[in-house]
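A short worksheet on the structure shown next.
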Amino acid sequence: MAVYTEVTDEALSAFLTLYDIGTLTAFRGIAEGVENSNYALKTSAGDFILTLYEKRVNKEDLPYFLGLMEHLRERGLSCPLPVRGRDGRNLQELAGKMAAITTFLPGVWPRQIRLEHCAPLGAALARLHLAGEGFGMTRRNGLGPEAWGPLLEKSLPQADSVLGGLGAELQGWLGRIQAEWPQGLPTGQIHADLFPDNVFFLNGEISGLIDFYFACTDILAYDIAICLNAWCFETPGELNVTRSRALLRGYQSVRPLSSAEIEALPVLARGGAIRFLLTRLYDWLNRAPAALVTPKDPLDYYRRLRFHFAVSGAGAYGL
């Protein structure tokens, strides 16, 4: 469940007077998501999403996230558009939290990934990267390589309770990834969390990309590696190379990769795997008994990481 902050009818009514989006006709919490509280709004003017930003989202980052969505929409990418209030602002306060209303995107995310999803995904990711060019703000990746060591240190005392020897294995792997992390590759605005539940399909085509609250300025090909991890494994330790080939071809049909980006793909994939392994491991070891969100098994990404360390080059991904 992803409604951490309850909104009363009275508070919502007062909040909506700040906007020119008609009168409220329906309002319900959205169970999906992890970081924020989300509500579906229906008004006489249409459908919208209300998001209240919880403590894990730095409020200083919100202008970047909302500004990026506006920039991408202006350049033709299908993503939520923040609604500006009567005062021209796209951020307001509700129930003691910063909050925003965005437009609603039709479609559903794929509960079962199929081959036909992968090429459109790759092309959409490339369009996102191109549309992000010229955006006037940047944001450091708070979960990039420099954050992985401190994150692992927090989990080391209990890591072996998840799997014997896991702590030492992760230390060795992390050292190798950081030593080999590529420099000088093309950078720009990346989504950094384009999992299946953040991609909507309608009538067999992508209708929109959502949830830009991990977006940042980083290596473009790293975003591809995150998608390979999230979309292209049949089981956690077995890559479906047909899917990965389709994803990569879809991407390159819009933005061809340089030889340096292709060469770096294995280490970028290792980085994408260890990033999600470490955040999931921390959440797994620090879950509260009354938590609203069930933590994800970190060993799923442990098995992906083992695969990436076994490959010898980008050919393993279908290039």
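Charge tally for F104 (other residues, Cβ to Cβ under 9 Å; Lys, Arg +1; Asp, Glu -1): 0.
Overall, the anisotropy analysis places the range 36-100 in the oblate class: the square-rooted eigenvalues a ≥ b ≥ c of its C-alpha gyration tensor yield a/c not less than 1.5, with a/b not exceeding b/c. Here the Gaussian network model covers the chain, with springs between Cα atoms less than 10 Å apart; of L115, L202, L281, L202 fluctuates the most.
Adding -39500 (n - 2.57) for every DSSP H run of four residues or longer, then dividing by how many residues the chain holds, sets the calculated 222 nm ellipticity at -13500 deg cm²/dmol.
If the segment from T25 to Q92 were pulled out straight at 0.36 nm per residue, it would be longer than the present Cα-Cα gap by 22.0 nm.
For A179 and E234, compute 0.36 nm times the residue count separating them, minus their Cα-Cα distance, and round to one decimal in nm.
16.9 nm
Give the cross-link partners of K42 among the lysines, using a straight C-alpha distance below 29 Å as the criterion and excluding same-chain residues fewer than 8 apart. Here the lysines satisfying the reach criterion relative to K42 are K55, K59, K97.
With each label modelled as a point 7 angstrom along the Cα→C-beta vector, the K296-S44 pair spans 4.2 nm. Close amide-amide hydrogen proximity is noted between S207 and F200, F201, L202, each under 5 Å apart and 5 or more residues distant or on a separate chain (H modeled in the peptide plane; Pro and chain starts excluded).
Quick one, which of (i) 56, 41, 36; (ii) 84, 80, 31; (iii) 58, 46, 35 is the actual Cα extents along the principal axes in Å calculated for this model? Checked against the structure: label (iii).
Take H129, H71 and order them by how many other Cβ atoms sit within 10 Å, fewest up front.
H71, H129
Taking other C-beta atoms within 10 angstrom as a stand-in for reagent exposure, I190, I262 fall in the order I262, I190, fewest first.
Which residue, P63, P196, P157, tops the fluctuation ranking in a GNM of the chain built on C-alpha contacts under 10 Å? The residue that fluctuates most here is P157. Every Cα-Cα pair in the range 216-319 was counted, and those over 24 Å apart are 27% of them. Of all lysines in the structure, the ones whose alpha carbon falls short of 19 Å from that of K154, not counting any fewer than 8 places away in one chain, are K296.
Can you bin the range 190-258 into rounded, prolate or oblate? Criterion: square roots of the alpha carbon gyration tensor eigenvalues sorted a ≥ b ≥ c, rounded for a/c under 1.5, prolate for a/b above b/c, oblate for the rest. Here the range 190-258 falls in the rounded category.
Here the 3J(HN,Hα) profile of the range 232-248, calculated from phi with Karplus coefficients 6.51, -1.76 and 1.60 at θ = phi - 60°, is 10, 9, 5, 10, x, x, 10, 6, 8, 5, 5, 5, 5, 4, 5, 4, 5 Hz, Gly and Pro shown as x. For the chain, the longest principal axis of the Cα atoms and the long axis of helix 115-131 meet at an angle of about 70 degrees.
Entry note, the range 115-317: relative contact order of 29 percent, from Cα contacts under 8 Å with a spacing of 6+ residues.
Classified by the C-alpha gyration tensor, the range 111-161 has an oblate form. Its axis ratio a/c, with a ≥ b ≥ c, is 1.5 or above, and a/b does not exceed b/c. Note on L248, L121: ascending count of other Cβ atoms within 10 Å places them as L248, L121, the fewest first.
We did not get these values from a lab; they are worked out from the coordinates using the rules stated. Here the structure is a predicted model, which is why all the values come from computation and not from measurement. Backbone-built Cβ (ideal geometry, glycine too); neighbour counts: all protein chains shown.
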